[in-house]
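The values are calculated or read from the model by the stated rules, or taken from the named source; none is laboratory data. Please read all numbers here as calculations on a predicted model, not as lab measurements. Reconstructed Cβ throughout: ideal geometry from the backbone, glycine too, with neighbour counts over all protein chains shown. Just so you know, the surface numbers come from the protein's heavy atoms only, side chains and all, with ligands and any DNA or RNA stripped out. Shrake-Rupley method; radii C 1.70, N 1.55, O 1.52, S 1.80 Å.
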Amino acid sequence: MLDNKSVNLKRTVFYFVVVSIAIVSVVYPFLYPPPPSDKNEAARLIIDDRPMPEFSSYEDVVEKKKAFFNYLLPEINRQNDIIRNDRKFVLYIENKVNLGSKITPEELKKIRWLAKQYRVTAKSDTKKILAQLIRKVDVIPVELVLMQAANESAWGTSRFARRGYNFFGLWCFSEGCGFVPKRRNDEAVHEVKKFENLTSAIRTYLRNLNAHPAYKDLRDIRFKLRKNDGEVSAEKLVHGLEKYSERGQDYIDELLEMIRFNRKYMAV
């Protein structure tokens, strides 16, 4: 027969175990969150093939702007959602690495795929790869995307937008990859890229800002804002686009004015 001291000891151990399990069950998700659901792979296969409106046919300027925004906005949001989920995955893997947990082969395969997509230079050091991906795999504010599209495509009326979904003035450098600009210098070889659909155009534009060395300033601004819990806004990130146009600061000032004036027409 057990004496009272033994019974009390067993009760104490039992209560300690129960309380410990309860604490771990509450805290564990915050210390080590579950992996994000991988719905991105299916989302990447979806193509936005909606007919493009004839923006030049609008006589009312406000209606034209609203039609332009309504056409571009769904695909911008969808591509940003894909990027947002990829970012959650990268942060999840970084958390695993910091806690000393092993990365699965499938997780490593996806990290290497993202590294290739985002032009990450670190080849084998996982921590360095993740550090670069955290700076690069992030959303671009919708207002900035819309205003660059409006600026570069003359509100969707340029031939590059109408015939090749190129709303962003993106170049390519192989013969036949796009449209030869009428004002191209004789020694120049670039063309204005032609896209098959809106999905490809917006995806390429976002990847360009997130990966190309020319837009490191934009990514640095965004990274500092994230680090300081600041708002990642179009007005702040636009200052990282000085190299997007030969006009430099004048281009930035024009975009800022467009953002401020046209925000009231955006249903974002």
- Task: Taking 7 Å along the Cα-to-C-beta vector as the label spot, tell me the residue 62-residue 39 distance in nanometres, rounded to one decimal.
- Result: 3.6
- Of every hundred units of 1.4 Å-probe accessible area on the range 93-250, the number belonging to carbon and sulfur atoms, as a percent, is 47
- Rounded to 0.05, the calculated FRET efficiency for the beta carbons of residue 119 and residue 190 at R₀ = 25 Å is 0.85
- Message: Using a 7 Å offset from the Cα along the Cα-to-Cβ direction at both residue 264 and residue 224, what is the distance between the two label points in nm, to one decimal?
- Response: 3.3
- Item | Anchor residue 65: aspartates and glutamates whose Cα lies under 16 Å away (excluding residues fewer than 8 positions away in-chain) | 54, 143, 152, 257
- Note on the structure: For the range 198-268, shape from the Cα gyration tensor axes a ≥ b ≥ c, cut at a/c of 1.5 then a/b versus b/c, turns out rounded
- Query: Between residue 157 and residue 46, 0.36 nm times their residue separation minus their Cα-Cα distance comes to what?
  - Reply: 37.4 nm
- Message: Cut-off under 19 Å on the C-alpha distance; same-chain residues fewer than 8 positions from residue 127 excluded. Which aspartates and glutamates are left, in chain and number order?
- Response: 86, 94, 106, 107, 138, 220
- Task: Sort the following peptides by mean Cβ neighbour count (other Cβ atoms within 10 Å, averaged over residues), highest first: 85-94, 43-52.
- Result: 85-94, 43-52
- Task: Anything over 21 Å Cα to Cα? Flag those among 110/236; 123/216; 110/216; 110/194; 39/102, in the order listed.
- Result: 110/236; 110/216; 110/194; 39/102
